[in-house]
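Student: Quick one: the structure is below, and I'll ask about it shortly.
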Amino acid sequence: MTLNRYPCRERHAAHGLRHLLARVALPGGVAVLALLLPAAAQASMFHGETLDMIADYISWVVLVLVPVVGIAVFWLVHILPEKVAEKKRHPQAKAIQVLCLLSLFFGGMLWPIAWLWAYTKPVMHKLAYGTDVDDSHGPPLGVGEEPDGTIPVLTTEAEVPAATRPAKQGA
């Protein structure tokens, strides 16, 4: 006679099987039953004139608004290389701008070339001019410039004009 060291294991295994069948079979049976029963089909929650009016609005949005937004997004994406080149002060920024414009007319096929060109450093330009940034338009914004309408701060007495200095007392 062998003693079963774990008598509750068979009980738990049977309970687990019943529990699994209840979790899988019940929802599956309900889904099959729902598919077999015919239901009234409705194409829209709107009827009559309301349906026609909503269809008219949707068609106007699709015919007018979607192309305008699509063209605007297409244009904004195609000028990104130009903006990157200007921000990085790329010496060939004007050529990249021309390539971006050509890409608009050729359906975007030249855009990846403009994108790569905007992010590359021009090697031969550095050899010829000693720098790889375009300084022909002056320093970048914010460097050595004061915004309009600001008064410079004077720090030493020598910087204050003589006409605005207070007269010394005792002289």
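Student: Considering each of ALA85, ALA93 in turn, give the residue that is under 20 Å from VAL133 (Cα atoms) and under 21 Å from the mean Cα position of the chain (by Cα).
Tutor: Numbers: ALA93 fails: under 21 Å from the mean Cα position of the chain (by Cα).
Answer to the check: ALA85.
Student: May I ask you to list the residues in the range 73-110 that are charged (D, E, K, R) and outside any helix (DSSP H, G or I)?
Tutor: LYS88, ARG89
Student: Now for a separate question. Considering (1) at pLDDT 60 or above; (2) assigned to a loop (DSSP other than H, G, I, E, B), say which one VAL30 fails and leave the rest.
Tutor: Here VAL30 clears every test but (2).
Student: Using the structure shown, decide if TRP115 is in contact with a Ser or Thr (Cβ under 6 Å, 6 or more places away or on another chain) and without any contact (Cβ under 8 Å) to a residue 60 or more places away in the chain.
Tutor: No; evaluated as a whole, the condition is false for this residue.
The values are calculated or read from the model by the stated rules, or taken from the named source; none is laboratory data. Since we're looking at a predicted model, the values are computed, not measured. Quick reminder, even Gly has a Cβ in these numbers, built from the backbone with ideal geometry, and neighbours come from all protein chains shown.
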